[in-house]
Amino acid sequence: MENQNNKKTTVIAALVENKPGVLHSVSNMFRRRGFNIESITVGQTEQKGVARMTITVSGDEKTLEQITKQMNKLIDVIKVNQLEPDSIVTRELALVKISVPDVKSRSDIINCVEVFRGRVVDVSPESLMVEITGTPDKVDAFLNLMRTYGIIELARTGLTALSRGIKSIRIDE
Amino acid sequence: MATVKMNGANALLESLERQGVKHVFGILGGAILPVYDALCTHPKIRHILARHEQGAAHAADGYARASGQPGVCFATSGPGATNLVTGIANAYMDSSPIIALTGQVPSIAKNSSYMIGRDAFQEADIIGITTPITKYNCQLSSVAEIPNTINTAFYIATTGRPGPVLIDFPKNIQTDTANVEFTSHIDIRGYNPTINPHPLQIRKAAECLAEAERPIILAGGGVITANAADELLTVAELLLAPVATTFMGKGAFPEIHPLSVGTIGMHGNPLANRLLLEADVMLAVGTRFSDRATGNLDTFCPEARKIHIDIDAAEIGKNIDVDIPIVADAKKALSALYERLIKQAKRKPDNPWMKRLEEARAQLNPPNENKEFKPKSLLQILRKLLPESAIVTTEVGQNQMWSALYFKALKPRTFISSGGLGTMGFGFPAAIGAKTACPDRVVVDIAGDGSFIMTEQELACSVIEEIPVTVIVLNNGVLGMVAQWQRMFYKRRYMAVKLGTYPDFVKLAESYGAQGFRVTSIPEFEKAVQTAIKSKVTTVIDVPISMEEDVVPMIPPGCGLNQQVGDY
Ligand SMILES: Cc1cc2nc3c(=O)[nH]c(=O)nc-3n(C[C@H](O)[C@H](O)[C@H](O)COP(=O)(O)OP(=O)(O)OC[C@H]3O[C@@H](n4cnc5c(N)ncnc54)[C@H](O)[C@@H]3O)c2cc1C
Ligand SMILES: Cc1ncc(C[n+]2csc(CCOP(=O)(O)OP(=O)(O)O)c2C)c(N)n1
Ligand SMILES: [Mg+2]
């Protein structure tokens, strides 16, 4: 995922205390130090009282190192891992409402949805709502196709990720 | 363990007492009244009434820096809490352990509706406001959690890289009662500072130092925090390495020791700046390589191999690249290093690097015979007048940089100044805090007129609470440091720097019940200082000096350590 100026996009997975204010202190730290968040998702984990943040960031090697270290300094952040790009599964979910001008378009759209293994989750005379899951690239590709019909409304969850294999990020190790 | 039924306010004081708290600086108000009511009957905690919450926070900070024990300050909600902000930010920048406790509007009102979040009277989101300037902050939500939260707060503030912690205390929790259990238990899974150095890194560092021909040590504020001055001295003497310090490191190494070369940086000692550039190995301990210390990074010791000991992993590689990082407590790391170095061959005292040190010292730090009535001589004389144990604080500006250059610090925790934030008005309340922590020692604030005016109201606190300190106002009638920049970099176009001749600092002192002297000669200065430091009442010594006096040497902004102008 390397591009010019040695900038890399990396996924950071952090286990944090599941309590109010933690998201604020993390996002505030990013803002204050001028680090750029591309996407952030938060949710509960299998471990009690622990939430997991999946943060996509970009920057050069030094910046990424600082991001990890500065996150580690936050008291409510329990554990921070930079996920190895080659051994992770990443997913994003998008709900997209597409306008359907005519019957022909409707069947074209439904064909596309099938190719992308999405699902139609709501139908109205002038629109379709589609659920699409995959890597952000795949979601982007699908959305690009849909632009020709017209996207009425779009909600993306942002990227979430787990590393492959038996290894896991746990707080007790 | 047994539980005791009590209200939140008492649970707080009991928890503070168990942490060894004896003094609290603060100002009260509606949202913290129950805590103050509990203080009425608390025998062991002395409350010191500041005259502005900023003063309370700085006093807590000065207390912490002088004693190594955390300083505590109280404020009410809203404006009381926001008035603490400068003091908290100041403590954060200089890694000083203070505990700020703020009253807050009730989280739940009598009719059991929420008050927080509804713009109640004197509500301020102090948690949101202080998140980026505290090491940790939190709002209490029940009486039962108070002991654990206070223990956690003290633990976080004082361990690892110290820093301020703020606890927000809603009024209803202060008055609620519950069965409270006091334990010393602390449980924070997201916080575990690295204390012990990695043996492999110590070995690498020792090998690197053994090979060095021109080693230098750069000691920062972290050496003082770690109480590692003794370890530093033994390592320096073993290595025969000159010791430079950062501004915050002043006092980590006795500045009259033959190996001492003074402070580095923008207003550093030319000897320190020069030798740093000539060194082949730099052992940096407890420093964060601030821009004021390093100057332009491109010319900051590009040749030297760098060993960096710091307890905060995020400091390693943040500003400069290092060859051998050691994440550890400075005291532990320096002792471990010493244990390895002692096994290696001793250096000869007549080696070329030591000769170079003496030659450079003679050239760059010639002895000062001059006895002019100017800051340089006055500060050198002040050193002779004060006992070694005296604590000096400074304000910010020229007064501070003259102190850095010419007032030699001899022991750790005896030179206290706002380095990172550069907060005018810090020195005086910090002096009150230091004197509170160390009542048997002489405490002197070396002040500028502009800075002193910013927190001068604490004269009332120091007089009424009988915490006598001495304030020496180097009175140039200007915001001198900025005036110097206008003189040097803005073609002498003075804008908004002239303060005029008001107030009359002698009368000001007297109006607060303090003692005031004005001195215009060296003998008068000597006499005034001698009287002041023996006096039972706070003394302000007004020392009129020229507004044109520059702090030199100086490295112009953007330049490197090799581009210093002006003589020492
Ligand atoms: C007007 C003005 C001019 C200034 N000019 C200069 C100047 O010329 N030169 C100069 O040096 N400064 C100057 N300063 C001060 C400067 O802004 C910084 O405050 C200072 O350089 C920081 O010093 P430090 O690197 O020692 O770090 P500190 O801020 O003291 O930080 C301490 C470091 O030690 C680490 N640490 C803490 N505890 C431990 C432990 N137990 N073990 C190991 N490590 C620990 C911390 O993680 C941190 O990295 C000036 C300030 C002002 C206001
Ligand atoms: C609170 C605050 N406001 C502004 C500044 C910017 N500033 C830095 S030094 C200085 C002048 C200080 O004047 P004085 O206390 O008289 O000291 P002098 O330089 O004259 O010795 C100013 C305004 C600051 N550091 N802190
Ligand atoms: Mg002045």
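List of remarks:
- Of all residues in the stretch B:421-439 being within 16 Å of ligand 2 (Cβ to nearest atom) and surrounded by fewer than 20 Cβ atoms within 10 Å (Cβ to Cβ), the one that is farthest from the other protein chains (Cβ to nearest Cβ): B:422
Let's see how each residue does on (1) surrounded by 24 or more Cβ atoms within 10 Å (Cβ to Cβ); (2) over 15 Å from residue B:540 (Cβ atoms); (3) of a type in the set (Ser, Thr, Tyr); (4) away from ligand 1 (no atom under 16 Å from the Cβ):
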{"site": "B:441", "(1), (2), (3), (4)": "no, yes, no, yes"}
{"site": "B:448", "(1), (2), (3), (4)": "yes, no, no, no"}
{"site": "B:457", "(1), (2), (3), (4)": "no, no, no, yes"}
{"site": "B:471", "(1), (2), (3), (4)": "yes, no, no, yes"}
{"site": "B:483", "(1), (2), (3), (4)": "yes, yes, no, no"}
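- Residue B:529 being of a type in the set (Val, Ile, Thr), over 27 Å from the mean Cα position of the chain (by Cα), in the same structural domain as residue B:441 (by TED's automatic domain parsing) and more than 16 Å from ligand 1 (Cβ to nearest atom): no
- Checked against (1) within 14 Å of another protein chain (Cβ to nearest Cβ); (2) in contact with a helix residue (DSSP H, G or I) (Cβ under 6 Å, 6 or more places away or on another chain); (3) touching a residue at least 24 places away in the same chain (Cβ under 8 Å), residue B:315 meets all criteria but (2).
- Condition met for residue B:355 (charged (D, E, K, R) and either within 14 Å of chain A (Cβ to nearest Cβ) or away from ligand 1 (no atom under 16 Å from the Cβ) (or both)): yes
- The stretch B:349-392, subset among the basic types (Lys, Arg) and within 24 Å of residue B:550 (Cβ to Cβ), residue surrounded by the fewest Cβ atoms within 10 Å (Cβ to Cβ): B:371
- Members of the stretch B:167-209 found to be of a type outside the set (D, E, K, R), modelled with pLDDT under 95 and out of contact with any helix residue (DSSP H, G or I) (no Cβ under 7 Å at 6 or more places or on another chain), listed by number: B:190, B:192
- The residues of the stretch B:392-413 that are away from ligand 1 (no atom under 12 Å from the Cβ) and within 19 Å of residue B:90 (Cα to Cα), listed by number, are B:392, B:393, B:413.
- Hits in the stretch B:143-167 - residues which are in contact with a strand residue (DSSP E or B) (Cβ under 8 Å, 6 or more places away or on another chain), assigned to a loop (DSSP other than H, G, I, E, B) and under 15 Å from residue B:182 (Cβ atoms): B:143, B:144
- Taken as a whole, the structure leaves residue B:528 outside the set of residues that are within 12 Å of ligand 3 (Cβ to nearest atom), under 22 Å from residue B:377 (Cα atoms) and either out of contact with any Lys or Arg (no Cβ under 9 Å at 6 or more places or on another chain) or not in a loop (DSSP other than H, G, I, E, B) (or both).
- Filter pass, residue A:78 being at pLDDT 95 or above, within 20 Å of residue A:141 (Cβ to Cβ) and not polar (S, T, N, Q): no
- Residue ranges of helices (runs of 4 or more DSSP H) in the stretch A:10-126 with at least 1 members within 14 Å of another protein chain (Cβ to nearest Cβ): A:22-32, A:61-73
- Residue check, residue B:293 assigned to a helix (DSSP H, G or I) and within 18 Å of residue B:160 (Cα to Cα): no
- Of note, residue B:516 does not satisfy the criterion of being crowded, with 21+ Cβ neighbours inside 10 Å and within 16 Å of ligand 1 (Cβ to nearest atom).
- Checking each residue in the stretch B:541-568 for being part of a strand (DSSP E or B), of a type in the set (A, V, I, L, M, F, W, C) and away from ligand 2 (no atom under 14 Å from the Cβ) picks out B:541, B:565.
- Condition broken by residue B:89, with the remaining ones in (1) within 16 Å of ligand 1 (Cβ to nearest atom); (2) under 23 Å from residue B:19 (Cα atoms) satisfied: (2)
- Pair list, Cβ < 7 Å and 6+ apart or interchain, from the stretch A:1-20 residues that are over 19 Å from residue A:40 (Cα atoms) to residues that are modelled with pLDDT of 95 or more: none
The values are calculated or read from the model by the stated rules, or taken from the named source; none is laboratory data. Every value quoted in this text rests on a predicted model; they were computed, and no experiment measured them. For neighbour counting, all protein chains shown are included, and Cβ atoms are generated from backbone atoms with ideal geometry for every residue, glycine included.
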